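Presented below is the structure to which this report refers.
The values are calculated or read from the model by the stated rules, or taken from the named source; none is laboratory data. A quick note: this is a predicted structure, and the numbers were derived from the prediction, not measured. Here Cβ is always computed from backbone atoms with ideal geometry, including for glycine, and neighbour counts include all displayed protein chains. Side chains included, ligands, DNA and RNA excluded: accessible areas come from the protein's heavy atoms. Shrake-Rupley method; radii C 1.70, N 1.55, O 1.52, S 1.80 Å.
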Amino acid sequence: MEELDVEPAEISIPGFGQQNRKIGFSWGPGELLLYETHYKSKDVRCSILNLCPFMYIVSNDEDLYSHVLRKLFNESHSIFVNLQKSEEESSSRTRKAELVQVSKNYRSVLRACMLEMLTLRDSTRDGAQNAKYSEQLSILSAMELCWSLCEILFVEAATAGSLLILLLDWVRAHVSEVDNIVQDVLQSESPPQHDRFWDAITGLVLQGRIDEARQLLAKEAAASLETRSMCRALDDLMKKMPVLNSTGSQTLTEFELKWQHWQEVCARHLQEGTFASSPPMETICQVLQGDEETLLMKKDLMATWYHFLVSRMLFTYPTVKPTELHSYAQVCLNLFSASESDPEPLDSILLAAFELDIHQVIKEFSFVSNNWWFVAHLTDLLDHCQLFQTHSLYFGANMREYLLLEYASGLFSHHSLWQLGVDYLDYCPELGRVYLELLIERIPLTTERKALKALRICEQRQMTEQVRSICKTMSMQALRNNRLGSALSWSIRAKDAAFATLISDRFLKDYCERGKFSDLDLIDNLGPAMLLSDRLTFLGKYREFHRLYNEQEFHEAARLLLSLMTARIAPGYFWFSLLLDSLPLLEQQQDGNTETTKVDMLRLALARNLARAIVKEGTLQA
């Protein structure tokens, strides 16, 4: 656990155990330290024994540290940013198609993470780790299931006719039991003799996969002369089953007339006993005819109540409207689950979706999810579909912004994902800037590279106070590690005159002790930055004096040294060094104008005497 920033707090909890106990707690980045503090005696020796009977570390964002889920966070970030940028570039005619594609992109990333998590789960031999992967896989699966349903109902906003087509695709993608049965049957030596042969055909019919069911039925017709005529009759029924299409080539009225006629044909076959000698085929015909008792009897082939719902709609009400789904959904859930207990959380989420209550979907998923990824991104997408414009929260932010703020705040508790959080906050117009200003200052600046990233973010957004805070923090860190050059560079960047003065003093004292400067490149290239403080100006000009002297520009060096001595900006402890520097110049034979040189030398000598007096005065005072 990372180091906590403040002293742990304490609260009193009545009735905790046998008597009142005190619980200490404190937040770290993404974690909570919780511990009991109960003292029976004020005696120090006794208090030691009773200190912290328990201690827990509670993490509120464990998913941030999962390798697979970090991939989800990273890849979905680019989808989110592109969606925000594309809003003003699209016409209303193409906007819906773009939003559907964005939704599919999110689901594609989810499925990729599911496959990776599945691989990890199947490859690990550690029981605890396997359980953890299984739990995360189930959460990802629930996310993808719910997201794809919301895509149909809210993003696609499917209407009667196309709605059932999309729901069938949804069921086929998320219920795999039938595929497992079919695979077992087809891999056997004689599929018609397999004990689950008819289950395979019935299961395919229940998912609306009629062509696949006919292909399997043909194997029975080829293998048995006794059932061949019945197989042909059942195949003819399935072949003539009216199918909705999404091209709009037929009206709903035309389809309903064809459907009614086909249902009458199915009922006539049942009345005439066409399949009476083959109970499995008679059952399939009853399914096609939409017999609810038969559908319920075969619920083991549908695995879930929502599969039962879609199959029931397929054979009883294929032109169901979105606003009618909720009543059928609740009935199917009640029929499918014999127990009278409360529905599972996932069932409640799906029911809310079928009721077209997107706010309840978001609320229910927020309760069961380990992180804010799902609700934040789904809400943002649906907000672009203009489904949340009228829904504001009591403190002013709308639901979209509130969830994005929570998600981004969680990202900021991670050592690298915090950079993603910045972009989410940028697209929160009400409170995003405030959150960013507060969160950016809580980032542990463990390296200069990380600090530079944070600094660049603040500079791009004109966050002056945060820029100064980061620079001061890094300057202090560098100074504690005796990295004077880095400390000075950060203090200059922060425009902190007081700290620049302090570090300049350290440079000068270091020179007094060692007789040379460190970090010459930095000092030589201070430029206008040396004007930040008098002490920094003196440091830069004194280094320039050394450069002139080394280049044998003695006349210019003498002039500069004289100005430094007469300007009175040199610290008292450094005057002795200045006196030593003046000696060789006083002895040096100089070229140029004789009168000017004499005056300069005279002034330098007077300055030396003044310096001697100052040094002597300082010694007496000491």
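Here are a few things to note about the model shown:
- Shape call, the range 257-386: gyration tensor on alpha carbons, a/c limit 1.5: prolate
- Computed over the range 385-485: relative contact order in percent, which uses C-alpha pairs under 8 Å that are six or more apart: 17
- Here is the list for the range 229-336: trypsin sites (Lys or Arg not before Pro) lying in DSSP coil, each with at most 14 other C-beta atoms within 10 angstrom of its C-beta, are Lys240.
- Model label sites at Leu296 and Gln193, defined 7 Å from Cα along the beta-carbon direction, differ in position by 3.8 nm.
- Measuring between alpha carbons in the structure, the pairs from Lys240/Lys298; Lys450/Lys509; Lys132/Lys298; Lys453/Lys495; Lys450/Lys541 lying more than 25 angstrom apart are Lys450/Lys509; Lys132/Lys298; Lys450/Lys541.
- Length available on full extension from Asp179 to Ser327: 0.36 nm per residue minus the Cα-Cα distance, which gives 50.3 nm.
- Kirkwood hydrodynamic radius of the range 171-271, from inverse mean 1/r over distinct Cα pairs, in Å: 15.1
- Accessible area (Å², per residue) of the range 141-197, counting only protein heavy atoms and a probe of 1.4 Å: 41
- Ranked order, Tyr542, Tyr317 - accessible area, probe 1.4 Å, largest first: Tyr317, Tyr542
- Relative intensity, log₁₀ I(q)/I(0), of the range 409-467 from a Debye sum that treats every alpha carbon as a point, q = 0.19, 0.21, 0.25, 0.27 Å⁻¹: -0.61, -0.76, -1.10, -1.28
- Per residue, the range 384-489 exposes an accessible area of 49 Å² to a 1.4 Å probe, with every protein chain left in place.
- Global geometry of the range 368-508, whether rounded, prolate or oblate, following the gyration tensor of its Cα atoms and the 1.5 cut on a/c: prolate
- Across the accessible surface of the range 90-232, with the other protein chains kept in place and a 1.4 Å probe, carbon and sulfur atoms take up 48 percent.
- In the range 416-571, the alpha-carbon atoms span a convex hull of 116 Å³ per residue.
- Global geometry of the range 259-306, whether rounded, prolate or oblate, following the gyration tensor of its Cα atoms and the 1.5 cut on a/c: oblate
- Between the range 214-231 and the range 266-305, the alpha-carbon center distance in angstrom: 18
- Computed on the range 71-195, the Cα convex hull volume stands at 151 Å³ per residue.
- Whole-angstrom Cα spans of the range 479-528 along principal axes, big to small: 28, 23, 16
- The trypsin sites (Lys or Arg not before Pro) of the range 124-187 meeting both criteria, a DSSP state outside H, G, I, E and B (loop) and at most 13 other C-beta atoms within 10 angstrom of the site's C-beta, are Arg125.
- Stretchable slack from Glu437 to Gln101, in nm (0.36 nm times residue separation minus alpha-carbon distance): 117.6 nm
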